[in-house]
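The values are calculated or read from the model by the stated rules, or taken from the named source; none is laboratory data. Quantities reported herein were computed from a predicted structural model and do not represent experimental measurements. Note: ideal-geometry Cβ built from the backbone for every residue, glycine included; neighbour counts use all protein chains shown. Surface areas here come from the heavy atoms of the whole protein model, side chains and all, with no ligands, DNA or RNA. Shrake-Rupley method; radii C 1.70, N 1.55, O 1.52, S 1.80 Å.
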Amino acid sequence: MMKMKKISFTLNGVEKEFEIDPNERLLALLRRNGYKGTKYGCLEGACGACTVIMDGKAVASCLVFAFQAQGRSIVTIEGLGDGPELHEIQQALIDEGAVQCGYCTPGMVLSAKAMFDENPTPDEETIKVQMDGNLCRCTGYEKIWSAMKKVSASHRNGGKR
Ligand code: FES
């Protein structure tokens, strides 16, 4: 049995303490603690299913050691939305029919959130470049891009973020 170690970080806006195995990845730590919206995918940082936001940047949580989260701010899909109300990115994906099996969706939403937080009105090319680390086996991407373009357009027209 590995020696467990304590760390603390802000998770979805709340300061939390966790016991970690020094070798475990942030992905495993989150899921072990019930944050199962963060998905196992390729475990090589190539598919985007495990994306979380760390200090404002989208990262592949399979490539981050749990101890590297010490003192940081982490946002998972469980931190989005307001009670029963979905986050605008989630709503846009649903409205466009861009969710099929849904396995890629949490990572997709978090990559998009990091993008929109940095640039509220990305154009189509920027959306495609920013989202290219998130693979989707079902949708063919068109509907996902269309949802992102709608969010961007709503920001351009003064919609809420
Ligand atoms: Fe199935 Fe994207 S909706 S992988």
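Those residues that are at pLDDT 95 or above and either aliphatic (A, V, I, L, M) or open to solvent by less than 70 Å² (accessible area, probe 1.4 Å) (or both), I need them from the range 22-36; list them, please.
Across the range 22-36, the qualifying residues are E24, L26, L27, A28, L29, L30, R31, N33, G34, Y35.
Here are C47, C42: which of them is within 16 Å of the ligand (Cβ to nearest atom), assigned to a loop (DSSP other than H, G, I, E, B) and closer than 23 Å to D21 by Cβ? Give the steps one after another, and end with the answer.
Values: C47 fails: closer than 23 Å to D21 by Cβ.
The conditions single out C42.
Of the conditions (1) farther than 12 Å from G107 by Cα; (2) within 19 Å of the chain's Cα centre (by Cα), K3 satisfies every one except a single condition; which number is it?
(2)
Do you know which residues across the range 51-75 are surrounded by fewer than 20 Cβ atoms within 10 Å (Cβ to Cβ) and assigned to a loop (DSSP other than H, G, I, E, B)?
Scanning the range 51-75 gives D55, G56, L63, Q70, G71, R72.
All but one of (1) farther than 26 Å from F9 by Cβ; (2) within 16 Å of the ligand (Cβ to nearest atom) hold for T126; state the number of the condition that does not hold.
So T126 meets the others, but not (2).
For residues in the range 111-123 being open to solvent by less than 70 Å² (accessible area, probe 1.4 Å) and not in a helix (DSSP H, G or I), which is nearest to the ligand (Cβ to nearest atom)?
P122
Out of G107, G97, report the one residue that is in contact with a Lys or Arg (Cβ under 7 Å, 6 or more places away or on another chain) and touching a residue at least 60 places away in the same chain (Cβ under 8 Å).
From the options G107, G97, the qualifying one is G107.
Search the range 80-93 for residues being exposed (fewer than 13 other Cβ atoms within 10 Å of the Cβ) and either closer than 13 Å to K149 by Cα or of a type outside the set (D, E) (or both), and hand back the single one that is farthest from the ligand (Cβ to nearest atom).
Step one: filter the range 80-93 for residues exposed (fewer than 13 other Cβ atoms within 10 Å of the Cβ), giving 82-85.
Right, trim to either closer than 13 Å to K149 by Cα or of a type outside the set (D, E) (or both) and you get 83-84.
Values: G83: 25, P84: 22 Å.
Top of the filtered list is G83.
For M108, state whether it is within 13 Å of the ligand (Cβ to nearest atom), open to solvent by less than 40 Å² (accessible area, probe 1.4 Å) and touching a strand residue (DSSP E or B) at 6+ places or on another chain (Cβ under 9 Å). Let's see the steps before the verdict.
Numbers: within 13 Å of the ligand (Cβ to nearest atom): yes; open to solvent by less than 40 Å² (accessible area, probe 1.4 Å): yes; touching a strand residue (DSSP E or B) at 6+ places or on another chain (Cβ under 9 Å): yes.
Taking the combined requirement at face value, the residue satisfies it.
Within the range 132-154, take every residue that is polar (S, T, N, Q) and assigned to a helix (DSSP H, G or I) and give me the one that is surrounded by the most Cβ atoms within 10 Å (Cβ to Cβ).
S152
Under 6 Å by Cβ, and 6 or more places apart or on different chains, what pairs join a residue from the range 8-21 that is surrounded by fewer than 12 Cβ atoms within 10 Å (Cβ to Cβ) with one that is of a type in the set (G, A, S)?
E17/S8
Only one of these conditions is not met by I53: (1) among the hydrophobic types (A, V, I, L, M, F, W, C); (2) farther than 25 Å from C136 by Cβ; (3) touching a residue at least 40 places away in the same chain (Cβ under 8 Å). Which number is it?
Of everything listed in (1) among the hydrophobic types (A, V, I, L, M, F, W, C); (2) farther than 25 Å from C136 by Cβ; (3) touching a residue at least 40 places away in the same chain (Cβ under 8 Å), I53 misses just condition (2).
Pull out all pairs, ordered by first then second residue, where Cβ-Cβ is under 7 Å, the residues are six or more apart or on different chains, the first lies in the range 118-143 and is under 22 Å from G41 (Cα atoms) and of a type in the set (G, A, S), and the second is assigned to a loop (DSSP other than H, G, I, E, B) and away from the ligand (no atom under 16 Å from the Cβ).
none
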